[in-house]
Amino acid sequence: MTAFDETQLDDSTLDGNAIGGQLQEVFGTEMTTAVGTCATCGATAQLAETLVYLSAMGTVVRCRTCTAILLVVIKRGEVNCVDMQGMAALEPA
Amino acid sequence: MSPISRGFHGRRRESAGDAGRVPPGQYLTGDFPVLSAGPTPHTPLDKWTFSIRQDSDTSKSWSWAEIRDLPEEDVTADIHCVTRWSKLDTRWQAVSIDTLLAQVEHEARFVLAFCDGGYTTNLPLADVTGGQAWLAYGYDGSPLRPEHGGPARLLVPHLYFWKSAKWVRGLELLDADEPGFWERYGYHNYGDPWREQRYAGD
Amino acid sequence: MAGTAVRGRLTWQVATVESLRPETASVRTIDLDVPGWAGHQAGQHLDIRLTADDGYVAERSYSIASAPGEAVMVTVERLENGEVSPYLTEELRTGDQIEVRGPIGGYFVWDDAEAESPVLLVAGGSGVVPFRSILRYRAAIGSAVPFRLLYSARSLTDVIYRAELNHPGEGVEVIYTLTRQQPSGWSGHSGRVTPALLGEVAWPVSQHPLAFVCGPTAFVETVAAALVDIGYPPDRIKTERYGGTGATG
């Protein structure tokens with residue numbers, strides 16, 4: 001079974017800039033410069049530099065270093081449901 | 001209240017003249033919207049296999065050629081995406097999951113489909129048998145494209161389309177239900193479009 | 001929950017289309033009147049939300065093309081299988097109302113805080129839009145920071161803001177590379193941005209430059225990797241990926 005292959009990032013892969021508005025809605029403040037720590041590999045990065053997959057089903061944010069999931073946001077009506085188990089830490093700038 | 005954007009229609013939406021075929025809360029589309037939840041996997045066919053696993057063992061595995069040797073069905077189905085798109089009369093070329101499961105002895109009550117890229121989704125065994133589910137590798141007479149889940153995806157049209165897992169590589173047979181990817185993040189465990197079971201708790 | 005006046009809270013506001021003008025055959029600029037606009041930084045973007053009469057909603061993000069202090073202006077490229085961009089580039093009329101929220105983003109922003117660092121802007125197609133904001137801001141504040149814009153476009157007729165970029169201002173150099181079609185007599189660069197071209201155009205690493213790369217994902221990945229290869233520290237490269245056709249159009 002092929003694992004995620006970073007060399008095949010295609011144009012549907014975005015970065016944290018694309019969800020700046022959604023993140024600000026969720027956290028109440030600008031978050032593209034917030035630094036997240038990956039719970040899987042320990043890498044730190046600003047959210048603007050994460051791998052982001054947008055679909056109407058939800059937003060999936062992955063670590064650029066190890067591709068593990070950092071954050072998933074699902075919108076249920078007006079409510080954002082956020083799962084941050086993939087992050088060990090998240091520090092707004 | 002949001003103002004209406006004059007002249008905005010979004011993707012071409014046909015009238016729901018086939019009311020009765022379109023579940024509540026859905027829009028009809030003539031397009032086939034692609035939803036990206038991860039990078040598109042590209043497994044070469046000579047490395048591709050479909051497996052049925054139980055208790056951490058592979059009970060049965062088929063190569064691409066072996067799958068293609070199995071009886072092929074032409075399936076026409078209405079599909080309903082939880083993101084509110086419904087598309088009627090979609091045509092697929094597929095192998096029935098019944099055909100695959102018939103080659104394995106088991107007493108499982110649930111399955112967990114697993115896929116390239118790490119995606120999973122769970123279903124009761126009763127929903128992938130009895131002619132309700134397929135392993136689909138053709139769409140509209142052409143090979144299923146990677147962005148639509150090719151080389152092969154699960155096809156379970158009576159449930160919301162996230163259950164029709166793209167890039168599927170096998171089924172794990174389970175005694176107990178185990179939520180898959182979107183189910184763990186808040187989508188409904190079962191996903192019946194006719195009861196609008198979109199999110200957990202619906 | 002605190003109300004809309006709380007700093008940091010983004011709310012949707014109704015904007016009215018003031019004027020429209022074509023930039024290229026597939027690109028249109030939209031000037032918006034946004035009464036509640038709190039101002040923006042150079043490089044930020046906004047979100048646009050459209051609602052059809054049956055309640056169907058679509059949202060997209062667009063970089064702000066105008067400088068801080070100027071009226072809100074966005075430039076939209078019509079993407080072939082897009083859902084929103086065809087509406088914004090073809091159907092939208094002066095006087096129409098759309099919802100916007102912003103400004104958004106604190107990462108892809110330039111604000112002259114590092115006066116010692118020359119800046120390299122690398123744009124792929126419509127990735128040039130936030131750079132217009134940055135260049136106009138630079139001019140407005142009288143900054144002397146040296147800038148180079150490397151702009152990759154399919155052809156000269158696909159170059160957005162061409163007239164303005166012909167007069168980029170003191171201390172700003174604009175270098176084009178035309179990837180698909182060059183006019184006869186073209187003495188500029190042709191073909192995609194390559195490590196060799198970047199090596200030629202990029203500020204030397206010894207000058208502690210800052211680089212901004214914006215455009216389709218594949219373009220940004222290639223350019224960012226090439227900049228790292230010529231010695232740019234990753235934390236001196238800021239990236240903004242637009243996705244490709246069909247991804248978000």
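For this structure, a couple of remarks:
- Being basic (Lys, Arg) and out of contact with any strand residue (DSSP E or B) (no Cβ under 8 Å at 6 or more places or on another chain) holds for only one residue in C:78, C:60, C:9, and it is C:9.
- In region B:189-202, of all residues being in a loop (DSSP other than H, G, I, E, B) and without any contact (Cβ under 8 Å) to a residue 40 or more places away in the chain, the one that is surrounded by the most Cβ atoms within 10 Å (Cβ to Cβ) corresponds to B:197.
- Verdict on residue C:133 being surrounded by 24 or more Cβ atoms within 10 Å (Cβ to Cβ), under 24 Å from residue C:18 (Cα atoms) and of a type in the set (Ser, Thr, Tyr): yes
- Filtered residues of region C:9-30 (kept if surrounded by fewer than 19 Cβ atoms within 10 Å (Cβ to Cβ) and in a strand (DSSP E or B)): C:13, C:14, C:16, C:17, C:18, C:19, C:20, C:21, C:22
- Pair list, Cβ under 8 Å, 6 or more apart: region A:26-49 residue over 14 Å from residue A:92 (Cβ atoms) and basic (Lys, Arg), other residue part of a helix (DSSP H, G or I) and modelled with pLDDT under 95: none
- Within region C:182-229, if we keep just the residues that are small (Gly, Ala, Ser) and part of a helix (DSSP H, G or I), the residue that is nearest to residue C:106 (Cα to Cα) turns out to be C:224.
- Check on residue C:89, under 26 Å from residue A:26 (Cα atoms) and either touching a strand residue (DSSP E or B) at 6+ places or on another chain (Cβ under 7 Å) or in a strand (DSSP E or B) (or both): no
- Which numbered condition residue C:144 fails, given (1) surrounded by fewer than 17 Cβ atoms within 10 Å (Cβ to Cβ); (2) hydrophobic (A, V, I, L, M, F, W, C); (3) in a strand (DSSP E or B): (3)
- Test: residue C:12 is within 26 Å of residue A:23 (Cβ to Cβ) and either within 14 Å of the chain's Cα centre (by Cα) or without any contact (Cβ under 8 Å) to a residue 60 or more places away in the chain (or both): no
- Selection status of residue A:89, small (Gly, Ala, Ser) and outside any loop (DSSP other than H, G, I, E, B): yes
- Residues in region C:172-200 that are surrounded by 13 or more Cβ atoms within 10 Å (Cβ to Cβ) and within 20 Å of the chain's Cα centre (by Cα): C:172, C:174, C:175, C:176, C:177, C:178, C:179, C:192, C:193, C:198.
- Residue C:63 being of a type in the set (Ser, Thr, Tyr) and assigned to a strand (DSSP E or B): yes
- Test for residue C:53: is it assigned to a loop (DSSP other than H, G, I, E, B) and either farther than 19 Å from residue A:28 by Cα or of a type outside the set (D, E, K, R) (or both): yes
- Number of the condition not met by residue C:52 [criteria: (1) touching a His at 6+ places or on another chain (Cβ under 9 Å); (2) at pLDDT 95 or above; (3) not charged (D, E, K, R)]: (2)
The values are calculated or read from the model by the stated rules, or taken from the named source; none is laboratory data. Every value quoted in this text rests on a predicted model; they were computed, and no experiment measured them. Glycine gets a Cβ as well: all are built from the backbone with ideal geometry, and neighbour counts include every protein chain shown.
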